[in-house]
Structure formats: structure tokens, C-alpha cells
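Inspection log for the structure reproduced underneath, given as C-alpha cells.
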Amino acid sequence: MALSDLRSQALEAFPIIDQNLKSMTDELGQAVIKAIQNSEAILEGQKNGMQVLTAGFEGLSTQAAEAQHIFQAGLERAMTAMQRDLNEALTKYEGVIDQTTKEVSEHVTAALSDGAKKMSDDFKQFDEQMQKEMEQAIRAMGRQLASLSEKFVEDYKPLTDRLRDLMQATRVS
């Protein structure tokens with residue numbers, strides 16, 4: 001009769017263990033989904049930033065094309081004028097183009113550097129968050145397994161004591 005009770009208790013414990021494992025797995029899955037969603041939001045922000053940079057570059061390209069058109073018209077007028085006016089106009093426009101190119105290069109370099117740093121920081125934060133979540137899940141699983149082991153020892157100790165007593169009784173007889 002005690003063995004049957006013990007078997008019943010063991011059968012009742014397995015669904016509880018299964019339910020606890022499912023709960024822990026679901027929680028870990030939800031944490032991973034949340035981390036992925038955070039990463040997707042970060043990546044979307046990076047994408048938007050790149051679109052802004054692209055639009056800015058296109059605007060600068062249009063301005064450069066317009067400046068070039070103005071330059072060509074001025075060059076044609078200057079060809080009919082004195083050589084000195086031509087040299088002054090060329091020097092002026094070269095300086096503007098050089099300055100604009102330098103500024104664009106500095107802005108693009110700074111924006112790319114900032115974007116790369118932010119992305120690196122965001123991924124580092126994501127990695128740390130994932131490590132914490134996994135560590136918590138593993139600790140919780142360890143506690144539950146330790147509790148389960150203690151329960152098994154507690155449940156089977158009377159049985160082993162009876163079995164030892166029975167064996168000693170059969171040796172004496």
C-alpha cells in the first residue's frame with residue numbers, strides 16, 4: 001500500500017514539474033522576444049537616421065549641381081570679360097566647393113561615427129540584458145530542482161528506512 005501511495009505521489013509531482021518547466025520556458029521566450037523587439041526598434045531608429053543622412057546628401061548634391069550651373073553661366077560671361085575677372089571667379093567658386101565638400105565630409109564622418117557608437121552601445125546593453133535574464137532563469141531552475149530533490153529525499157527516506165529494517169530482520173531470522 002505504501003509503495004502505491006509513493007507511486008501516486010510521484011505521478012502527481014511530474015505534472016507540477018512539467019508545468020514549472022513550461023512556465024520558465026515561456027518566461028525566457030518572452031524575455032527573448034522583448035529583447036528582439038528592442039533590437040528591432042533600435043535598428044529602425046538607425047534606419048531612419050540613415051534615411052535622414054541620405055536625404056541631406058541628396059539635398060547637398062542638388063545644391064552642388066545648382067552651384068555648378070551658376071558657375072558655368074558665370075564662366076561663359078567671364079570669357080567675354082577680362083582674364084582677371086575669370087581668375088577671380090574661379091578662385092571664389094573653388095573655395096566655396098572645397099569648403100562645402102570639407103563640411104559635408106566632416107558631417108558625414110561625424111554622423112557615421114555617432115551612429116556606429118550608438119549601435120555598439122545598444123548591442124552591448126542588449127547583450128548585458130540577455131545575460132541577466134538567462135542568469136535569473138538558470139538560478140530559478142536550480143532552486144526548483146534543489147527543492148524537488150529535497151522532496152524526493154524526504155518522500156523516499158521512510159521507504160529506505162523500512163527496506164533496511166526489513167533486510168536486517170531477514171538476516172536475523
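A short reminder: the numbers here are calculations on the coordinates, not readings from a lab. Being a predicted model, the structure only gives us computed values, none of them experimental. Here Cβ is always computed from backbone atoms with ideal geometry, including for glycine, and neighbour counts include all displayed protein chains.
Rounded to the nearest 10 degrees, the inclination of helix 83-172 to the longest alpha-carbon principal axis of the chain is 0 degrees.
Against the chain, whose longest principal axis is taken from its Cα atoms, helix 2-80 shows a tilt of about 0°. The modelled label-to-label distance for the pair Ser8/Glu44, using points 7 Å beyond Cα in the direction of Cβ, is 5.5 nm. On full extension, the segment bounded by Met167 and Gln63 gains 27.5 nm, given 0.36 nm per residue less the C-alpha separation.
A straight chain from Gln131 to Gln30 at 0.36 nm per residue would run longer than the Cα-Cα distance by 34.9 nm.
Taking the Cα centre of the stretch 31-126 as reference, the dipole from Cβ charges on Lys and Arg (+1) and Asp and Glu (-1) amounts to some 240 debye. For Lys118, the aspartates and glutamates whose Cα falls under 17 Å of its own Cα, not counting residues fewer than eight places away in the same chain, are Glu40, Glu44, Asp127, Glu128. The residues packed around Asp5, meaning those with a beta-carbon under 12 Å from its beta-carbon, carry a net charge of -1 if Lys and Arg are +1 and Asp and Glu are -1.
Between the stretch 23-56 and the stretch 117-173, the C-alpha centres lie 34 angstrom from each other. Since only Leu53, Leu112, Ala13 are under comparison, the one whose Cα sits farthest along the positive direction of the charge dipole of the chain, derived from C-beta charges on Lys, Arg, Asp and Glu, is Ala13. Applying D = kT/(6 pi eta Rh) to the chain, where Rh is the Kirkwood radius over alpha-carbon pairs, T corresponds to 4 °C and eta to 1.567 mPa s, the Stokes-Einstein value obtained is 53 µm²/s.
Under 22 Å of direct C-alpha separation, and excluding same-chain neighbours fewer than eight residues apart, Lys22 reaches these lysines: Lys34, Lys132, Lys151. Once the other residues with Cβ under 11 Å from the Cβ of Leu148 are scored (Lys, Arg +1; Asp, Glu -1), what is the net sum? After counting each charged neighbour, the total is -1.
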